[in-house]
Amino acid sequence: MKKQENNPWTTLDRKQIYENPWIKLEEHDIINPGGGEGVYGKVFFKNRAIGIIPIDEEGNTWLVGQYRYTIDEYSWEIPEGGGPMHEEPLTAAQRELKEETGLMANQWEMIMRFHTSNSVTDEVGYIYLARELTQGEQNLEESESDLIVKKLPFTEALKMVMNQEITDSMSVAGILKTARILGL
């Protein structure tokens with residue numbers, strides 16, 4: 001497969017529409033690769049997406065559940081959060097795992113880098129596999145006060161993905177990739 005090296009898009013103008021501490025939204029006037037003029041909305045994230053799949057010696061993992069305002073639904077997910085751009089993704093993963101579950105890990109492996117929704121955003125995500133776990137205390141943020149932590153066999157989390165009980169894209173991708181790594 002031939003890789004396109006040069007950007008075939010032309011940006012004519014861009015304007016900022018909205019900004020808050022987490023995102024910035026811009027509208028771009030563009031000429032697309034076919035020569036047509038159009039408008040493109042682009043969401044810039046101010047953090048990286050960070051997800052962690054903790055696995056213990058018995059093959060258990062941990063999920064977190066919380067009500068997600070943006071989708072107006074309860075969601076079971078892997079431990080995840082945002083990592084500031086100036087911070088190494090691994091450092092953010094270690095903090096997020098401890099913050100949400102109280103777990104610490106001695107062994108870390110980055111298992112995937114991905115773009116969360118590359119048709120509208122530049123957000124990059126990283127998912128880590130965490131092993132050799134020890135339990136400590138959670139340190140939840142105010143917005144996570146309803147967070148529920150559930151320990152379960154990893155195979156059950158995989159079934160939850162296959163049964164569409166887990167729909168969060170980072171969780172689905174991370175669980176499926178981990179299943180492949182574990183030979184499931």
* Whole-percent carbon and sulfur share, accessible surface of the stretch 10-65, 1.4 Å -> 50 percent
* Structure fact -> Once phi for every residue in the stretch 95-109 is put through the Karplus expression 6.51 cos²θ - 1.76 cosθ + 1.60 (θ = phi - 60°), the whole-Hz ³J(HN,Hα) values, with Gly and Pro written as x, are 5, 5, 4, 5, 4, 7, 10, x, 7, 10, 10, 8, 10, 10, 9
* Asked: What accessible area per residue comes out for the chain, rounded to a whole number of Å², with a 1.4 Å probe?
  -> 60 Å²
* Structure fact -> Here the stretch 172-182 yields Karplus 3J(HN,Hα) values (6.51, -1.76, 1.60; θ = phi - 60°; whole Hz; Gly and Pro given as x) of 4, 4, x, 5, 5, 5, 5, 4, 5, 4, 7
* Size of the stretch 39-184 along its principal axes in angstrom, Cα-based, largest extent first? -> 51, 33, 29
* Which whole-number percent gives the relative contact order of the stretch 96-178, counting Cα pairs below 8 Å spaced six or more residues apart? -> 32 percent
* Fraction of accessible area attributable to carbon and sulfur, the stretch 98-184 (%, probe 1.4 Å) -> 47 percent
* To do: For THR167, list long-range residues whose amide hydrogen, built 1.01 Å from N in the peptide plane, is under 5 Å from its own amide hydrogen.
  => TRP76
* Asked: Shape of the stretch 1-82 from its Cα gyration tensor (a ≥ b ≥ c, root eigenvalues): rounded if a/c is under 1.5, otherwise prolate when a/b > b/c, or oblate?
  -> prolate
* Please provide three numbers in whole Å: the alpha-carbon extents of the stretch 96-140 along the principal axes, with the largest listed first. => 39, 23, 8
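The values are calculated or read from the model by the stated rules, or taken from the named source; none is laboratory data. Keep in mind it's a predicted model, so treat the numbers as computed, not measured. All accessible areas refer to the heavy atoms of the entire protein, side chains included, with ligands and DNA or RNA removed. Shrake-Rupley method; radii C 1.70, N 1.55, O 1.52, S 1.80 Å.
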